Amino acid sequence: MLVVEGQLPAGTRLPAEREIADALPVSRTLVSAALDQLREDGLVASRRGAGSWITVPSGVFRPVTDLVPAERGLIDLARAAPPALPNLAAAMDAVRLRMPEHLAGHGYHEHGVLELRKLIADRYSARGLPTSPDQIVVTSGAQHAIGLALRLFTGPGDRVLVEQPSYPNALDAIRSMSAIPVPVPLTSEGWDLPGIAAALRQAAPRVAYLVLDFHNPTGHRLDAPGRARLGELLRRARTPAIIDESLVDLDLDGDPEDAPPPMAAFADELVVTIGSASKSHWGGMRIGWIRATPDVAHRLVSTRTSVDLGTPVFEQLLTAELLAGSDSALRGRRVELALQRDVLIDSLREHCPGWAVRRPSGGLVLWCGLDAPISTRIAVMAQSHGVRLAPGARFAAQGGLERWLRLPYALPSDVLRDAARRLGSVAALVAGSTTAIDGDLAVPVA
Ligand SMILES: Cc1ncc(COP(=O)(O)O)c(C=O)c1O
């Protein structure tokens, strides 16, 4: 794995068998057998008297340096994370001037700074879901919010209903609590509500975790009638739901006026809504939030204080400044993302004609259907072609999804064209090779 990730470059000399055996420590026979296997796979070469060194099988992997100028590094398509909006620097200046009034206080805001909570609450109210500031808890990103909400509803051995595919870091959060994800596959049209009804009945999950707005990774959005039906199902099963709205602001084609109401408008008492400024403004601020009933919000804060005592004040004020200001920068981002999405689709059609790409109406990613179950092989080989990818299996509750690959369009158009061209070469190599590659590709994902 270190070889294909480029951390052990071709030519790296390996210690003698005895030294490896002492350092690990394992038996010399095991080391010898492992080296034989690596030689067979073409990842290690040895010559009597000269020792052993890392190599790459010709025609399958090529060293990263052949293809990627060192200063450019890898094209990171594992994270779907755009850069900061251009108005962020000016907002920072404005907040710096206002900091003295906050510096006189203690700076601990377990619920979040009131000014920001008011602005977030008003946005829900404007979307048809009346909300007061005591229903908002500001968190350090949506991921933190997911963790807090899961801690409130689940414990070891509990089942959590999720979509299949789902957001990998949420799946990791569920597993890290020793809870069990119960996947309900999405169809090509989106949510299989009868399937969700059956899973609610049969698996009796403690809670559901769902992304209904520009679902990561498929890009689907559940319409208002679907939300109403889902609300009925949750009520009937008395199952609470964590609804992750991290991508809700990235509606690339539609008129925001036509957007379906938030899921909580259909089952307020059962829904905990998660929001984030990461995709709409910048992930580096690490600002997210939870909207819940006042009672649940209070309990979430009690859960939080064993782990942290609030989110940094400066970043909260910065988010408030951005939310209170004009949304022209965000509108510009939507236009730019729509363009990048279309560039990536066109480039993939040119360079990877065997892959099926659906055009999502929002969000940050394409969910590509591959022509064979080769997602991990593509992702592994792509590293040596200068592209970092998260294979389909990362989006699965229990492995699989090898016929799928998520490709974000958060990078500039010329980089996306370059990435598609490289992926075309990788696809051709994978189609022509029989080298087996398996195992997990643990790249960081967003
Ligand atoms: C569906 C979803 N939830 C949560 C997150 C994490 O967001 P944050 O950066 O606010 O923690 C992401 C980021 O990609 C996401 O796509």
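The values are calculated or read from the model by the stated rules, or taken from the named source; none is laboratory data. Predicted, not measured: the structure shown is a model, and the values here were computed from it. Neighbour counts are summed over all protein chains in view; Cβ atoms, including those assigned to glycine, are modelled from backbone coordinates with ideal geometry.
Residues that are surrounded by fewer than 16 Cβ atoms within 10 Å (Cβ to Cβ) and of a type outside the set (Asp, Glu) within segment 168-192 comprise ARG175, SER176, SER178, PRO185, THR187, SER188, listed in sequence order.
From the list VAL31, VAL95, the one residue that fits, being over 31 Å from the mean Cα position of the chain (by Cα) and modelled with pLDDT of 75 or more, is VAL31. When the criteria are applied in full, GLY112 meets the requirement of being more than 24 Å from the chain's Cα centre (by Cα) and within 16 Å of the ligand (Cβ to nearest atom).
Screening ALA198 on (1) more than 15 Å from ASP244 (Cα to Cα); (2) part of a strand (DSSP E or B); (3) of a type in the set (A, V, I, L, M) shows it passes everything except condition (2). Take the conditions (1) out of contact with any strand residue (DSSP E or B) (no Cβ under 6 Å at 6 or more places or on another chain); (2) in contact (Cβ under 8 Å) with a residue 12 or more places away in the chain; (3) more than 17 Å from ALA142 (Cβ to Cβ); ASP251 misses just one of them, which is (1).
For segment 349-390, filtering for residues that are more than 30 Å from ASP249 (Cβ to Cβ) and polar (S, T, N, Q) leaves 3. Scanning segment 243-281 for residues that are buried (at least 21 other Cβ atoms within 10 Å of the Cβ) and within 16 Å of the ligand (Cβ to nearest atom) yields a total of 22.
Inspect all residues belonging to segment 50-73 and state whether any of them is modelled with pLDDT of 55 or more, of a type in the set (S, T, N, Q) and over 20 Å from ARG388 (Cα atoms). Scanning segment 50-73, I find at least one residue that is modelled with pLDDT of 55 or more, of a type in the set (S, T, N, Q) and over 20 Å from ARG388 (Cα atoms), so the answer is yes.
Against the list (1) out of contact with any strand residue (DSSP E or B) (no Cβ under 7 Å at 6 or more places or on another chain); (2) surrounded by 15 or more Cβ atoms within 10 Å (Cβ to Cβ); (3) under 30 Å from ALA277 (Cβ atoms); (4) of a type in the set (A, V, I, L, M, F, W, C), the condition VAL380 fails is (3).
Within segment 282-310, the set of residues being of a type in the set (A, V, I, L, M) and more than 10 Å from the ligand (Cβ to nearest atom) comprises ILE290, ALA292, VAL296, ALA297, LEU300, VAL301, VAL307, LEU309.
Of all residues assigned to segment 323-341, at least one qualifies as being among the acidic types (Asp, Glu) and modelled with pLDDT of 95 or more.
When we screen ARG221, ARG235 for residues that are crowded, with 19+ Cβ neighbours inside 10 Å, among the basic types (Lys, Arg) and modelled with pLDDT of 95 or more, the only hit is ARG221.
Within segment 364-373, is even one residue more than 30 Å from LEU210 (Cβ to Cβ) and β-branched (Val, Ile, Thr)? The answer is no, given that none of the residues of segment 364-373 is more than 30 Å from LEU210 (Cβ to Cβ) and β-branched (Val, Ile, Thr).
Selection within segment 96-124: residues that are without any contact (Cβ under 8 Å) to a residue 24 or more places away in the chain and assigned to a loop (DSSP other than H, G, I, E, B). The member of this set that is farthest from THR303 (Cα to Cα) is ALA104.
Within segment 383-396, being within 16 Å of the ligand (Cβ to nearest atom), surrounded by 24 or more Cβ atoms within 10 Å (Cβ to Cβ) and either free of Cβ contacts under 8 Å to residues at least 40 places away in the same chain or not in a helix (DSSP H, G or I) (or both) holds for LEU389, ALA390.
Inspection of segment 394-407 identifies no residue that is touching a helix residue (DSSP H, G or I) at 6+ places or on another chain (Cβ under 6 Å), more than 26 Å from GLN164 (Cα to Cα) and not assigned by the TED database to the domain that holds ILE180. Scan segment 144-176 for residues that are over 19 Å from GLU402 (Cβ atoms) and either out of contact with any helix residue (DSSP H, G or I) (no Cβ under 7 Å at 6 or more places or on another chain) or within 16 Å of the ligand (Cβ to nearest atom) (or both) and the total you get is 23.
State yes or no: is VAL95 within 12 Å of GLN316 (Cβ to Cβ), of a type outside the set (S, T, N, Q) and in contact with an Asp or Glu (Cβ under 7 Å, 6 or more places away or on another chain)? Criteria met by VAL95.
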